[in-house]
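J.: One structure coming up, written as structure tokens, with questions to follow.
Nothing in this text is a laboratory measurement; each read-out follows from the coordinates by a stated rule. In this text the structure is predicted, and so the values were computed from the model without any measurement. Neighbour counts run over all protein chains shown; Cβ positions are idealised from the backbone, glycine included.
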Amino acid sequence: GLSLQSADLAGKRLGLLREVVPGFKRLAFLASVDNPGAMVEMAEVQSAARTLGLEVIIAKIRRAEDISPAIEALKGRTDALYVQTVPLTMTNRVLINASAIGAQIPTIYGVREQIEAGGLMSYGPNFADLFRRAADYVDKILREAKPADLPVEQPTKFDLVINLKTAKVLGLTVPPALLARADQVIE
């Protein structure tokens with residue numbers, strides 16, 4: 001199959017936040033604690049944050065009703081919010097972004113859809129490219145390749161998406177060099 005490398009990109013995402021958020025020292029991680037992948041990504045985020053000298057606050061959520069109170073409790077306690085890409089956060093991306101903007105907390109995500117819904121920025125694999133490559137993988141299997149003999153493939157194309165409208169609302173200036181590297185800028 002194909003890997004998304006979600007947890008492996010934590011360090012890159014934190015580095016991107018450092019370029020935009022002045023005085024970035026405290027990170028909050030919005031964790032859907034009932035999702036098994038959450039713990040893997042949370043450990044990776046904590047490791048990357050330690051390397052960068054960041055303090056990490058874990059904001060645990062289990063259902064949509066937990067989101068607004070969790071983000072409100074972070075107001076004034078964090079410099080940025082790392083939101084994992086799981087069904088609960090994808091379904092509630094508008095609520096997460098509205099709450100984060102209301103609390104004046106910049107956000108980083110792993111997929112562009114959350115930026116189109118008002119998040120600050122995302123960095124992650126390009127899903128259209130992965131879907132095309134998945135079709136190639138299926139073709140190999142249909143041509144009688146044994147799935148166990150096929151290697152797990154890593155993403156090769158990644159997207160950086162920045163929402164300048166959100167940056168403006170949060171009073172942040174996105175450096176021109178970062179904008180030049182972006183695959184999509186929402187204005």
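J.: Find the relative contact order for the chain and round it to a whole percent, using C-alpha pairs within less than 8 Å whose residues are 6+ positions apart.
T.: Contact order relative to length: 23 percent.
J.: Ignoring trypsin sites (Lys or Arg not before Pro) that are buried or in helix or strand per DSSP, and keeping those with at most 11 other beta carbon atoms within 10 Å, what is the longest stretch of the chain between them?
T.: 64-142
J.: Within the chain, what is the number of lysine pairs with alpha carbons under 19 Å apart, leaving out pairs fewer than eight places apart on the same chain?
T.: Qualifying lysine pairs in the chain: 5.
J.: Please find, in a Gaussian network model of the chain (springs between Cα atoms separated by less than 10 Å), the residue of I61, I105, I115 whose mean-square fluctuation is greatest.
T.: The residue that fluctuates most here is I61.
J.: Principal axis lengths of region 19-154 from Cα atoms, whole Å, largest first?
T.: 57, 31, 28
J.: Hey, another quick one. More than 16 Å apart: what percent of Cα pairs in region 1-74 qualify?
T.: Counting pairs separated by more than 16 Å, the tail of P(r) holds 53 percent.
J.: Say we join alpha carbon atoms closer than 10 Å with springs in a Gaussian network model of the chain; which of A31, A145, A98 then has the biggest fluctuation?
T.: A145
J.: Once phi is turned into θ = phi - 60°, what whole-Hz ³J(HN,Hα) does the Karplus curve with 6.51, -1.76 and 1.60 give for every residue of region 41-49, x standing for Gly and Pro?
T.: 5, 4, 5, 5, 5, 4, 5, 5, 5
J.: Report the local net charge at D66: Lys and Arg +1, Asp and Glu -1, summed over other residues whose C-beta lies under 13 Å from its C-beta.
T.: Neighbourhood net charge equals 0.
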